[in-house]
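The next block holds one structure in the form of structure tokens; read it before the comments.
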Amino acid sequence: MDSPSRSSVIVIGAGASGLSAAKVLVENGIDDLVILEASNRIGGRVCKENFGGVSVELGAGWIVGVGGKEQNPIWELALKSSLRTCFSDYSTARYNIYDRSGKIFPSGVAADSYKKAVDSAIQKLRNQAADAADVSIVSEPPCTPKTPMELAIDFTLHDFEMAEVEPIPTFLDFGEREFLVADERGYECLLYKMAEDFLLTSEGKILDTRLKLNKVVQEIQHSRTGVTVITEDGCIYEANYVVLSVSIGVLQSHLISFTPPLPSWKTEAIEKCDVMIYTKIFLKFPFKFWPCGPGKEFFIYAHETRGYYTFWQNMENAYPGSNILVVTITNGESKRIEAQSDEETLRESMEVLRDMFGPDIPDAIDILVPRWWSNRFQRGSYSNYPITSDCQVIQNIKEPIGRIFFTGEHTSERFNGYVHGGYLAGIDTSNALLEEMRKDDERKSDGQSFLLEPLLALTESLTSTQTEAASGLHKCDLPTQLYLNSNHGIPEAIL
């Protein structure tokens with residue numbers, strides 16, 4: 001068991017936000033930090049696996065927000081690392097919608113259904129905004145998707161493309177193009193490249209003893225004078241501050257206990273954030289039997305159950321000759337499939353494919369089913385704040401509690417749900433911590449630290465209303481319109 005040794009900062013979690021936070025701290029002279037990572041690797045929800053002879057991304061798969069006036073920092077890292085990527089154009093998927101008899105819906109019918117779904121989504125959002133503003137208003141009900149075609153388009157529009165409020169900061173700031181990562185080194189190579197800048201590495205492996213893998217944090221004890229972190233294997237780490245970069249799903253799961261407990265305004269804010277589950281199921285075949293070529297990368301299966309093996313992608317653009325299909329499922333279907341055997345999932349997948357392409361297609365020779373919801377170190381794929389949420393929810397989630405600073409893609413008001421959101425959040429959190437450390441040094445030099453240290457007892461008694469009043473923050477204006485563009489994909493952040 002490690003004997004307690006005091007560090008300046010403990011960073012919990014070695015995903016995009018934890019690593020960017022640690023990098024900023026080291027670059028500013030905080031060398032005596034410790035990074036505790038629960039799994040046996042860095043990267044978090046950026047995770048590759050070899051499947052069918054190629055490298056596939058189980059988590060974050062796209063770099064979203066490219067081609068604008070401002071450079072996306074993740075795209076910048078990709079360019080420096082010569083990361084291989086492929087442009088993704090989702091707009092063609094709506095013209096490749098199969099019914100259960102294998103027929104493709106005419107393009108005109110698909111276009112009409114898509115327009116109807118967009119109009120319904122806008123109406124639903126207006127209703128939510130109106131209801132929040134005045135409960136006496138009787139809202140016009142949006143159209144409810146009923147047919148398999150309508151259900152498939154509704155799923156594609158909301159679960160896959162992830163319609164968001166306008167304007168979408170990622171596209172506004174960085175551009176509207178999206179690129180699929182298709183590199184044998186994996187998306188994670190960008191994080192390893194970042195780690196090389198401040199951790200001791202050799203031949204692509206991190207040897208720095210400040211990074212400690214397989215360290216599952218069980219409890220964080222915090223006081224006016226410091227923080228003690230206890231891991232499940234009985235190790236104890238002490239520090240002046242903690243940067244907590246675990247996912248919002250982990251915060252909601254109570255994997256980590258806090259002594260004293262977090263104040264109610266903090267826990268209530270954490271519970272208000274939705275956790276999305278986004279599962280990519282990979283299937284390897286002995287040969288191709290599906291259409292390929294321009295406009296054929298994505299196709300849709302229309303079923304009477306919403307989200308039932310709906311959105312498909314062939315990997316020919318990413319890895320020619322790989323003979324791999326990917327089907328995306330989300331949320332409730334993800335939980336259902338995570339709970340069943342891979343054999344059952346394979347059987348269901350093949351039934352769907354035979355509906356589309358006929359009974360004579362070959363069986364898949366391998367299947368890979370990620371389980372992000374079951375993974376206790378992730379508990380989901382990415383954060384998704386309800387449309388009617390106000391800014392104060394995110395502010396309360398990222399607000400420090402004494403010497404504990406919170407970071408992660410879920411703390412990014414502009415870019416939550418994206419890898420670049422996690423990356424930039426880590427930088428912002430460390431800059432805030434460095435400023436607090438500077439102030440703390442000034443107080444100590446003035447001999448007043450005992451008066452001005454954060455008082456946890458007072459913090460625990462604060463309500464979210466008091467916090468809002470104290471900070472001067474205001475609620476965001478409720479959105480009145482969806483930003484709906486078929487070229488815009490989901491937040492790939494599963495970070």
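The values are calculated or read from the model by the stated rules, or taken from the named source; none is laboratory data. No experiment lies behind these values; they were computed from the predicted model shown. Every residue, glycine as well, gets a Cβ built from its backbone with ideal geometry; the counts of neighbours run over all protein chains shown. These accessible areas exclude ligands, DNA and RNA; they are computed on the full protein's heavy atoms, side chains included. Shrake-Rupley method; radii C 1.70, N 1.55, O 1.52, S 1.80 Å.
Using beta carbons and a limit of 8 Å, which pairs, at least six apart or on different chains, have the first residue in the range 24-35 and within 9 Å of Val9 (Cα to Cα) and the second one open to solvent by 20 Å² or more (accessible area, probe 1.4 Å) and assigned to a loop (DSSP other than H, G, I, E, B)?
Going by the 8 Å Cβ cut-off, the qualifying pairs are Leu33/Arg210; Val34/Arg210; Ile35/Arg210.
What number goes with the only condition from (1) in a helix (DSSP H, G or I); (2) surrounded by 21 or more Cβ atoms within 10 Å (Cβ to Cβ); (3) among the polar types (S, T, N, Q) that Gln378 does not pass?
(1)
Sort out which residues of the range 407-438 are surrounded by fewer than 24 Cβ atoms within 10 Å (Cβ to Cβ) and either on the phi > 0 side of the Ramachandran plot or at pLDDT 95 or above (or both), and write them in order of number.
Leu424, Ile427, Asp428, Asn431, Ala432, Leu434, Glu435, Glu436, Met437, Arg438
For the structure I just gave you, tell me whether Ser91 is in contact (Cβ under 8 Å) with a residue 40 or more places away in the chain, in contact with a Cys (Cβ under 7 Å, 6 or more places away or on another chain) and surrounded by fewer than 16 Cβ atoms within 10 Å (Cβ to Cβ).
For Ser91, the condition - in contact (Cβ under 8 Å) with a residue 40 or more places away in the chain, in contact with a Cys (Cβ under 7 Å, 6 or more places away or on another chain) and surrounded by fewer than 16 Cβ atoms within 10 Å (Cβ to Cβ) - is not met.
Considering only helices (runs of 4 or more DSSP H) fully contained in the range 147-213, which possess at least 2 residues that are modelled with pLDDT of 95 or more and among the aliphatic types (A, V, I, L, M)?
Result: 189-196.
Does Asp131 count as at negative phi, at pLDDT below 75, surrounded by 12 or more Cβ atoms within 10 Å (Cβ to Cβ) and acidic (Asp, Glu)?
When the stated conditions are applied, Asp131 passes them.
So, in the range 305-327, exactly how many residues are under 24 Å from the mean Cα position of the chain (by Cα), of a type in the set (Ser, Thr, Tyr) and open to solvent by less than 10 Å² (accessible area, probe 1.4 Å)?
2
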